[in-house]
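What follows draws every value from the coordinates through simple rules; no lab data is involved. In this text the structure is predicted, and so the values were computed from the model without any measurement. Note: ideal-geometry Cβ built from the backbone for every residue, glycine included; neighbour counts use all protein chains shown.
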Amino acid sequence: MKRSVLFFRWGRLALIPLLSAALAAQVVFLKDPDPKRRASAAEKVGKEGTSDDIPALAEVLNDPVTDVRAEVVGAIMRLGTQHSLEPLAKATRDSTPEIQVMATDGLVNFYYPGYVQMGWTAALKSFGSSVKGRFSKPEPKFVDTYVQSQVSQDVVAAIGRLVTGGTSMESRANAARAIGVLRSNSGLPQLVEGLKSRDSTIIIECVRSIRKIGDKSAGPEMVFLLRDLDEDVQFEVVRTMGQLQVQEAIPELTNLLRSSSKKGIRRQSLIAIAKMRDQEQRPLFQQYLQDRDKQLRAGAAEGLGRLGNKEDLQSVIDAFAKEKSESGRLSMAFGAASLGDLSFLTYLYDGLNSSFHRLEARPFLVELSRDEAVLNDLYRPLTTGSNDQKKHIAYVVSINGNKESMAHLEKLTHDPNTEVAQEAIRALKNLQARL
C-alpha cells in the first residue's frame, strides 16, 4: 500500500514538468496565426495558468478577432488576482458591448467573488442574450463595508465611463449596476448623469445603485423622475426617495399617493413619506392607519413611530392587535417600539426566524438599534437566540454597533454553528471597518 501511494505521488510530481511545458506551449499559441487556436489557447491558459500568465494574455486584448478578445477577457477574469484589474479595466474600452460587460463583471468579481459564474464560455451570442435577461430583476448583492474601502478608484473610473459611454444599452445598464454592487461614492456623478438617459433600463439601474450607495446628496437630482411616464421608473424612484429621505419629494409623493392608478406606487409613496420624519404628515398617517389596504396601514404605523409622538402609541398598539397580516404586524411592532414600548422588540426578533419575513424585520432592527437602549437589548438574543436570530442580529450590530459591541461579536465568532461563526466574523470585520 505504501509503495502504491509513493508511486502515485511520484507520478504526479513527474507530470509537473509536462504540464508546465504544455501550458508554456499554450502561451506561445496566443500569437498563432489561426484565430481559433489563439482563442483555444486563451481559454486553456485561463483554466490552467497563474497570475504570471496575465501579461501574455493582456498583450492579446487588441486582437482583431472579437471571439479571441472575449476568450482573453474570460481567461484574465478566471485567473482573478490583483494583476487582473488593469487589463480588465483596459478591456472595458473595447468596442464590443459584450466584452465591455465581461470586463465589468470581471472587475466586480474580484471584489465580490461569485458575482460571475465561471462555468460560462465566451460564446458571444449566448452571452449577449443572457445579459439582456439579467435586468428583469434587481441585483441584491453589494460588497461588505470592509471591502468597500479597498475598491480601486481606477476600477470605478473604468466602469463609470461605460454608464454614459458604453456601446450598448446593456453595457451601460450593466456598468450602472456594477457601481451599486461596489457601493462607490466616486461613481455617483456618472450615475446621476445616467438618470438623464432615454432608456428606462439604464435609469432604473442608476436609481437602484444610488439607493445602494445611500448618499443623500444625490436624492434631489432624481425628484423629476417621479413624473416619469414609465411606471417601473416611478416605482424605483419612489423607493429611493424614502431611503434617502428626500424632503423635496414630499409634494410629489403625496400626489402619487392620492392619484396614482397603481396600487404598488401608492403604497410605496406612503412608505417613502413615512421615512421623512415630517411632523406635518402626522394627520396623513393617522388617517391611513385605519385604511382597508394592509400595506398602507403598515406604512402609516411606521410613519407614526418615526415621528415619536408618545400619544400615538396606543393607536399603534390597537392597530397591532387588530392586524392579521404578518408584514403589517411587523411594521406596527416597529412603530410601537419606536414610540418607546420595547417589549415589541421580541416580536421583531421572532420575525428573524421566518424565511418569508426576516428581511422585513431586520431593517426595522437596524433603524431601532441607533438607540443605545435597543442596541444593548440586542446582545441578549445575539447570545441566546436561534441560529437565524444570531446571524441576522450580528448583521444589525455591524451597522450600528460601537466599540463595546466588538466583544459580543468576538464571542459569537466561536459559536458551534459554523454559519453563525462565519456571519459573526463578517460582522466583526464590517464593524471594525466602520469604527
Quiz item: Nearest 10 degrees, 0 to 90: what angle lies between the long axis of helix 326-338 and the longest principal axis of the chain (Cα atoms)?
Solution: 70 degrees
Practice problem: For helix 35-48, report the angle its Cα long axis makes with the longest principal axis of the Cα atoms of the chain; keep it between 0 and 90° and round to the nearest 10°. | Solution: 60 degrees
Quiz item: Mind checking which of Ala300, Ala337, Ala56 has the largest fluctuation in a GNM of the chain, springs on alpha carbons under 10 Å?
Solution: Ala56
Practice problem: Divide by every residue of the chain the summed helix terms, -39500 (n - 2.57) for each DSSP H run of at least 4, and state the resulting mean residue ellipticity at 222 nm, rounded to the nearest 500 deg cm²/dmol. | Solution: -21000 deg cm²/dmol
Quiz item: What angle, in degrees between 0 and 90 and rounded to the nearest 10, separates the Cα long axis of helix 153-165 from the longest principal axis of the Cα atoms of the chain?
Solution: 80 degrees
Self-check item: Spin-label pair Gln279/Phe356, simplified geometry with 7 Å Cα→Cβ offset, distance in nm
Solution: 4.0 nm
Practice problem: Express the relative contact order of the stretch 296-434 as a whole percentage, based on alpha carbon pairs under 8 Å and six or more residues apart in sequence. | Solution: 16 percent
Quiz item: What is the gain in length, in nm to one decimal, between Lys429 and Arg258 on full extension, counting 0.36 nm per residue of separation less the C-alpha to C-alpha distance?
Solution: 57.1 nm
Practice problem: Mind giving me the FRET efficiency for Asp52 and Ser343? R0 is 56 Å, r the Cβ-Cβ distance, nearest 0.05 is fine. | Solution: 0.35
Quiz prompt | Net charge dipole size for the chain [Lys, Arg +1 and Asp, Glu -1 on Cβ; Debye, nearest 20] | solution = 800 debye
Quiz item: If the viscosity is 1.306 mPa s and the temperature 10 °C, what Stokes-Einstein diffusion coefficient in µm²/s follows for the chain when Rh is the Kirkwood radius over Cα pairs?
Solution: 65 µm²/s
Quiz item: Taking Lys31 as the anchor, which lysines have their alpha carbon closer than 21 Å to its alpha carbon, excluding any fewer than eight residues away along the same chain?
Solution: Lys44, Lys47, Lys90
Practice problem: Would you list which lysines come within 22 Å of Lys137, measuring only between C-alpha atoms, while excluding same-chain residues fewer than 8 positions from it? | Solution: Lys125, Lys196, Lys212, Lys262, Lys263
Practice problem: Report relative contact order for the chain in percent, whole number only (criteria: Cα-Cα under 8 Å, sequence separation at least 6). | Solution: 7 percent
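On a full-extension model of 0.36 nm per residue, what is the gain between Gln153 and Ser136, subtracting their alpha-carbon distance, rounded to one decimal in nm? Walk me through the numbers before you get to the answer.
Details: separation 17, 0.36 × 17 = 6.12 nm, distance 2.88 nm.
The Gln153-Ser136 span can extend by a further 3.2 nm.
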Exercise. Just grab the label-to-label distance for Asp34 and Gln117, each label 7 Å out from Cα along the Cβ direction, in nm (one decimal).
Key: 3.2 nm
Quiz item: Roughly what would the spin-label model give for Arg198 and Lys322, points 7 Å off Cα along C-beta, in nm?
Solution: 5.1 nm
